[in-house]
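The block underneath contains the structure these notes are about, expressed in structure tokens.
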Amino acid sequence: MRCFQAAELARAILPHTHVGRGMLFKDRDGNTIVDWSRNRTPGFTGWHESYRFFQPGLELELRGALDRLKGTRLVWDAEVTGVSQDRSGVVLRLADGGAVTARFAVACDGAGSFTRRALGIGLEDLGFRERWLVCDLLLKRNRDDLGDHSVQYCDPETPATYVRGTGDWRRWEIRIRDGDPDAWPESMVWESLARWITPSQATLKRSAVYVFRSRIALKWRTGRILLAGDAAHQMPPFMGQGMCAGIRDAGNLWWKLSAVLRGVGDGLLDTYRSERERNVRAFIEKSVALGRLINQTGAEMVPKGRMESIWPDLGPGLGPRDGVGGTLAPQVRTEDGGLADDAAGHGFYVLVARDPPESRLPVFTGADRWLEERGVTGVVIRPDGYALGGFRGADELRDLERIAMRYGTRGQH
């Protein structure tokens with residue numbers, strides 16, 4: 001949501017979302033073995049900890065924003081069949097014989113990424129591969145008994161997931177055997193769902209078989225071409241973090257590409273993979289551990305009882321990694337009730353507990369406890385919401401300011 005806020009889309013997509021209550025892990029007898037409930041009030045980033053969203057509505061808002069944005073052009077139903085580059089730019093060849101040229105290209109072309117294969121980039125396999133049937137249904141009548149929590153049914157024979165969607169949308173995911181078909185007749189789908197719901201209670205809108213994997217690309221950049229989203233990494237869906245990870249990729253890239261296009265040098269793009277890989281690897285490893293719990297093949301990897309959300313740091317890259325730099329930073333409310341990222345123009349800015357220092361960057365106050373826990377007077381926050389670094393005095397602040405002024409300040413993105 002903080003990334004959508006940076007794109008000035010957060011308010012537009014809120015009607016397509018539902019604030020999530022979290023997730024419960026239950027054994028085959030219905031007992032809760034892990035409770036991953038979420039707070040129902042906004043958290044330290046300025047947004048709720050968990051949202052469910054309706055993807056067609058979200059994509060409608062994204063497309064509408066691109067249509068309205070000057071300098072953009074949407075090309076539909078265009079298959080990329082070739083990719084090449086030189087020192088000045090990238091050429092994407094299309095199936096219809098046309099071509100698109102650009103100074104840089106970001107390939108978000110999915111788990112089977114043509115671009116990744118064309119560049120000869122391999123994948124590190126982290127060892128999880130399962131086939132699951134995914135079913136989207138629209139309720140015909142109220143089913144409060146299903147609950148607002150998503151539920152992981154931990155069962156070595158037939159593990160399954162229930163997802164509480166927006167409005168009357170509900171999803172079930174069920175692990176299937178290797179010998180089962182890829183195309184399921186509707187009668188077979190309803191048979192698999194009979195434990196929870198019947199055709200008289202809901203309409204089956206969609207079903208498909210997916211292969212859940214855990215993989216990370218060995219390279220995320222080749223010259224002027226970068227990989228993002230599932231093209232760069234894939235994880236099981238048990239934390240709901242796959243698409244979130246791709247959005248975080250975009251959050252890391254947009255301001256760096258903006259700075260490079262202004263002439264700071266494309267070496268800055270080398271920090272993209274180094275920062276993002278550590279973060280996404282933590283989510284993948286946690287998702288795999290939860291998948292083993294759901295399958296009850298490695299339940300000892302996840303402690304039973306209450307589960308807390310994880311907020312992985314960035315890997316090495318821009319700024320220090322000193323326990324503050326690279327951590328997800330808070331977003332405070334301004335005096336007029338707005339959000340600090342917006343007030344700073346989604347550039348770099350300073351956050352202190354009190355007594356604003358002199359700075360060439362915008363300065364806001366708040367988050368006293370967060371700063372105190374980290375033993376710093378203040379922090380410089382990057383355009384993507386992560387901490388560039390913390391400071392205790394004027395000299396440390398000036399060092400961070402020099403980095404911030406080089407790669408972008410208010411109004412430059």
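Side notes on the structure shown:
- Checked against (1) assigned to a helix (DSSP H, G or I); (2) over 21 Å from residue 255 (Cα atoms); (3) not hydrophobic (A, V, I, L, M, F, W, C), residue 402 passes all but a single condition, namely (2).
- Residue count for segment 52-80 under the criterion of being in contact with a helix residue (DSSP H, G or I) (Cβ under 9 Å, 6 or more places away or on another chain), closer than 23 Å to residue 136 by Cα and open to solvent by 50 Å² or more (accessible area, probe 1.4 Å): the result is 6.
- Evaluation of residue 314 against the conditions (1) part of a loop (DSSP other than H, G, I, E, B); (2) touching a strand residue (DSSP E or B) at 6+ places or on another chain (Cβ under 9 Å); (3) open to solvent by 20 Å² or more (accessible area, probe 1.4 Å); (4) not β-branched (Val, Ile, Thr) shows that the sole unmet condition is (3).
- Of everything in segment 360-376 that is assigned to a loop (DSSP other than H, G, I, E, B) and in contact with a Gly (Cβ under 9 Å, 6 or more places away or on another chain), the residue that is surrounded by the fewest Cβ atoms within 10 Å (Cβ to Cβ) is 375.
- Entry remark, segment 184-221: residues being open to solvent by 80 Å² or more (accessible area, probe 1.4 Å), over 30 Å from residue 272 (Cα atoms) and part of a loop (DSSP other than H, G, I, E, B) number 1 in total.
- Looking across segment 88-109, the residues that are within 17 Å of residue 257 (Cβ to Cβ) and not in a strand (DSSP E or B) come down to 88, 89, 103, 104, 108.
- When segment 1-26 is filtered for residues that are touching a His at 6+ places or on another chain (Cβ under 9 Å), open to solvent by less than 50 Å² (accessible area, probe 1.4 Å) and farther than 23 Å from residue 250 by Cβ, the ones remaining, listed by number, are 22, 23, 24.
This table checks each residue for (1) in a strand (DSSP E or B); (2) of a type in the set (Phe, Trp, Tyr).
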residue	(1), (2)
36	yes, yes
41	no, no
44	no, yes
49	no, no
52	yes, no
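- Subset of segment 230-243 (residues that are over 21 Å from residue 34 (Cα atoms), assigned to a helix (DSSP H, G or I) and open to solvent by less than 10 Å² (accessible area, probe 1.4 Å)): 231
- Selection status of residue 389, open to solvent by less than 20 Å² (accessible area, probe 1.4 Å), more than 29 Å from residue 288 (Cβ to Cβ) and in contact with a Leu (Cβ under 7 Å, 6 or more places away or on another chain): yes
- Any chance residue 249 is within 15 Å of residue 116 (Cβ to Cβ), open to solvent by less than 30 Å² (accessible area, probe 1.4 Å) and under 15 Å from the mean Cα position of the chain (by Cα): yes
The values are calculated or read from the model by the stated rules, or taken from the named source; none is laboratory data. This is a predicted model, so every value here is computed, not measured. Cβ coordinates were reconstructed from backbone atoms using ideal geometry, including for glycine residues, and neighbour counts include every protein chain displayed. The accessibility values were calculated without ligands, DNA or RNA, using every heavy atom of the protein model including side chains. Shrake-Rupley method; radii C 1.70, N 1.55, O 1.52, S 1.80 Å.
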